[in-house]
Structure formats: C-alpha cells, structure tokens
1. Please determine whether any residue of segment 44-51 is open to solvent by 30 Å² or more (accessible area, probe 1.4 Å) and modelled with pLDDT under 95.
2. Only one residue in GLY19, GLY64 is of a type in the set (Gly, Ala, Ser), farther than 18 Å from LEU93 by Cα and in contact with a helix residue (DSSP H, G or I) (Cβ under 9 Å, 6 or more places away or on another chain). Which one?
3. May I ask you to list pairs of residues, at least six apart or on different chains, whose Cβ atoms are under 7 Å apart, with the first in segment 136-165 being among the acidic types (Asp, Glu) and the second being open to solvent by 50 Å² or more (accessible area, probe 1.4 Å) and not in a loop (DSSP other than H, G, I, E, B)?
4. Yes or no: SER56 small (Gly, Ala, Ser), open to solvent by 20 Å² or more (accessible area, probe 1.4 Å) and more than 18 Å from ARG154 (Cβ to Cβ)?
5. Search segment 158-171 for residues being charged (D, E, K, R) and within 10 Å of the chain's Cα centre (by Cα), and hand back the single one that is nearest to TYR10 (Cα to Cα).
6. Filter segment 144-166 down to the residues that are at negative phi and exposed (fewer than 13 other Cβ atoms within 10 Å of the Cβ), then identify the one that is modelled with the lowest pLDDT.
7. Please determine whether any residue of segment 108-125 is more than 20 Å from ASN37 (Cβ to Cβ), open to solvent by less than 30 Å² (accessible area, probe 1.4 Å) and in a helix (DSSP H, G or I).
8. With respect to ASN77, is the statement that it is open to solvent by 40 Å² or more (accessible area, probe 1.4 Å), over 16 Å from HIS153 (Cα atoms) and in contact with a helix residue (DSSP H, G or I) (Cβ under 6 Å, 6 or more places away or on another chain) true?
Amino acid sequence: MKIKEFVNDYTLVDIETTGLNPVDDEIIEISAYKVRNNNIIDTYSSLVKPKYKMISGFISNLTGITNSMLISERAINIVLPEFLEFLGDDIILGHNIKFDISFLNDKANKYLNKSINNNYVDNLLFSRQLLPGMSHSLENLSHYFNLDTTGEHRSLKDVELTYEVYNELRKIYEEKNNNN
C-alpha cells in the first residue's frame, strides 16, 4: 500500500538492472539503508550475478558495472533471501520505487515463491508536490539540492542521494506547513 506522508522508520531501497522490464531483465545490484527515527542504522549492498542476460554497453556506461565485475558474485536466488531478511516488514522508501518493487517482487515470486507486500513511500510523489515545474529525476533533484552525485547510478550511491533528497523535501514540507 502506498503511504503518502513522511515517515521516520523505513528501509530505503535502490536496485540496478540489465534493463527496464522486470520479467525479462535482471537485477545486478541491490542496496538499502535501514532507517530508524530518520537516522541510518544499517546498510545492505550486494552485486548480483545475472543468470541469463549479459550487461549491455549502455547499462555498463550508465552504472559502471561490467560483466567481469559480476562473474564471481552470487546469483539472485542467493542474494534475494538475504536482502528480504534485511528488509523485513519495513516500509520501503525509494525514488520511483514502483520500478524497484516490480523487479524485486518478480524475482521473489520466480525464485522464492514469495510476494513483497510491504507498504511503500515514493520520494517522487513528494518532489512532484513540493517542487512543481521541474524534472523530478533523482539526478536533477540531487543537483537542485547541491548534492555530490559522484558515483550515481550505482545503487548504494543512489540510496544515499535518495536519503538526502528525502530529507531536503521533508524540510521544504515542514517549512510550508509551519508557515500556514
């Protein structure tokens, strides 16, 4: 279920994939921050060896992840149970999080015969509400808030950027509500 308010306890998630289709493409990296009282208390990150699909030049250029980097990594059926244990029943937070959840859910169904039914918060919703008239990509928001984007499009860096953007958006929200 989508939650439409700022929360303090959540697991912030980002993945990198071989493409855009959760059924045909594969997860190649999963990262997350476990957050309590809006403070990071734990971190999870793992590269994932694809089972069927090689990484294209486009994805390699975008993420910096190469096929040779993944040769000795663990497969999704090994990484995913570990990640899901880290996630637990937490609210999932991310930027355009439906994308990530669709991949994670497809792979959980395919390899573990499970569904991911956690509530979720989409940072994209807040950016659209609080900063109308601009592009709402994580990259553009990171530049807008003058964040260091070195290493973006790697899941752990994108988790960090999403966390920082989320907190900046929360400040804007609180300022608007305190002035009304």
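1. Yes: one or more hits.
2. GLY19
3. Close Cβ pairs satisfying both conditions: GLU152/GLU139.
4. No: the conditions fail for SER56.
5. Only one residue fits best here, namely GLU160.
6. Selected residue: THR150.
7. Yes, segment 108-125 contains a residue that is more than 20 Å from ASN37 (Cβ to Cβ), open to solvent by less than 30 Å² (accessible area, probe 1.4 Å) and in a helix (DSSP H, G or I).
8. In short, yes.
The values are calculated or read from the model by the stated rules, or taken from the named source; none is laboratory data. Note that the coordinates shown come from a computational prediction; the quantities given were computed from them, not determined experimentally. Backbone-built Cβ (ideal geometry, glycine too); neighbour counts: all protein chains shown. Areas reflect the complete protein model, heavy atoms only, side chains present, ligands, DNA and RNA absent. Shrake-Rupley method; radii C 1.70, N 1.55, O 1.52, S 1.80 Å.
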